[in-house]
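Working notes, structure below.
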Amino acid sequence: MTTPREVRVIGIGTGSPTHVTGQAIAALRECDVFLVADKGEAKDELVAVRRLICAEFLEGGTYRIVTVTDPERGPDAERDKAAYRTGVDAWHAARADRYAEIIESLSPGETVGFLVWGDPAFYDSTIRIVDAVARRLPLRTQVVAGLSAIQVLAAEHGIVLNGIGQPVHITTGRRLLDEWSPRLGTVVVMLDGALKCRELVERAPDLTIHWGAYLGLPQQVLRAGRLADVIEDIVAVRAQLREQHGWVMDTYALTAPSPGDAENPSVAVLVGDDRE
Ligand SMILES: C[S@@+](CC[C@H](N)C(=O)[O-])C[C@H]1O[C@@H](n2cnc3c(N)ncnc32)[C@H](O)[C@@H]1O
């Protein structure tokens, strides 16, 4: 039987070398080859950050970085839900084929590393792709958690995401308008190139927004305030940053005004392990 190829899926945080955990450093040191998706010119900086992290933590080590050109993804924004899902599935299969081919070409015994932006558990397809590769050839995979943009957003603003005993809902810009309700608790929005929360202003002007772009990177920008008061500034700043850097990644949290403990029965009935 063929010995399974060792694979490490390593969360590296959102760009600052200080986000890389001790567990991630140990996993980095086990890798011989890092496969890094090349998503095109605008995101070259994200590949550069991965190179920097390797250089910083693997000084003097013998490792290789192989950039893998991403297959064409197609026009997501123009697709309906079904077409979007089919498009993503086809894209994942094409990526898995490409990675399987590269991994098969490596020397026996070489350990493969995937450097995942943020945490591999949030809106990242690496684990799914590695699972798909494992259906093509034997792999033994270890996943290492990283700091997500969600955690960095909360920390940089110095906030707790959930109200006491209340939920946190994580979603995408694409789904926000259909899903939003005060019952969701704090709503964290990722992958929103259009700041869809602007369209919530009429329904919920008193939401508080905590917004962050390039979290953890030197060009980090933060804004916070009442949605109706600050959204136009955020829209303008985001457009200007995108123009300046050629790309922008931002995340935000929307919080409804606190109803107050007396009007909030879910707080009053908290017992035992549910108590914060
Ligand atoms: C493909 S998802 C990856 C999420 C990542 N796995 C994580 O845990 O943060 C990309 C989205 O994550 C958010 N994001 C990632 N890095 C960010 C950063 N440095 N600053 C702000 N948002 C970021 C943005 O919402 C972006 O659209």
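The values are calculated or read from the model by the stated rules, or taken from the named source; none is laboratory data. Note that the coordinates shown come from a computational prediction; the quantities given were computed from them, not determined experimentally. Note that we place each Cβ from the backbone using ideal geometry, even for glycine, and neighbour counts take in every protein chain shown. Heavy atoms of the whole protein, side chains included, go into the accessibility calculation; ligands, DNA and RNA do not. Shrake-Rupley method; radii C 1.70, N 1.55, O 1.52, S 1.80 Å.
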Q) Counting only the heavy atoms of the protein chains, how much of D178 is accessible to a 1.4 Å probe, in Å² to the nearest 10? A) 120
Q: Taking the Cβ of V116 as the centre, find all other residues whose Cβ is under 13 Å away and add up their charges (Lys, Arg: +1; Asp, Glu: -1).
A: +1
Q) When the chain is fully extended, how far beyond the present Cα-Cα distance does A90 get from V47, taking 0.36 nm per residue of separation? A) 13.1 nm
Q) For the range 5-144, what is the relative contact order in percent, using Cα pairs closer than 8 Å and at least 6 residues apart in sequence? A) 47
**Q.** Whole-Å distance, taken between Cα centres, linking the range 143-159 and the range 8-36
**A.** 16
**Q.** Per-selection Rg to Rh, the range 5-144 - Cα, Kirkwood hydrodynamic radius
**A.** 0.96
Q: Given the options S125, S181, S107, state which has the largest fluctuation in a GNM of the chain using a 10 Å cut-off (strictly under) for Cα springs.
A: S107
**Q.** Label-to-label distance, nm, for residues given as D70 and R203 (7 Å Cα→Cβ offset)
**A.** 2.8
Q | Efficiency of FRET between R136 and R29 - r from beta-carbon atoms, R0 30 angstrom, step 0.05 | A | 0.65
Q. Three principal axis extents, largest first, for the C-alpha atoms of the chain, in Å?
A. 63, 47, 39
(Q) Taking 0.36 nm per residue of sequence separation and subtracting the Cα-Cα distance, how much length would be gained by fully extending the chain between L184 and T2, in nm to one decimal? (A) 60.7 nm
Q | Value of [θ]222 nm, deg cm²/dmol, for the chain, DSSP H segments ≥ 4, -39500 (n - 2.57) each, nearest 500 | A | -10500 deg cm²/dmol
Q: Select from E202, E156, E45 the residue whose mean-square fluctuation is largest in a Gaussian network model of the chain (Cα-Cα springs shorter than 10 Å).
A: E202
(Q) Tell me which DSSP H helices of the chain clear both cut-offs, 24 Å or more of axial length from alpha-carbon atoms and a mean Kyte-Doolittle hydropathy of at least 0.0. (A) 227-245
Q: Please identify, among V230, V144, V49, the residue showing maximal mean-square fluctuation in a Gaussian network model of the chain using a 10 angstrom Cα cutoff.
A: V230
Q | Net length gained if the chain between E56 and K39 were fully extended (0.36 nm per residue, minus Cα distance) | A | 3.8 nm
Q) Residues of the chain: accessible area per residue at 1.4 Å, in Å²? A) 53
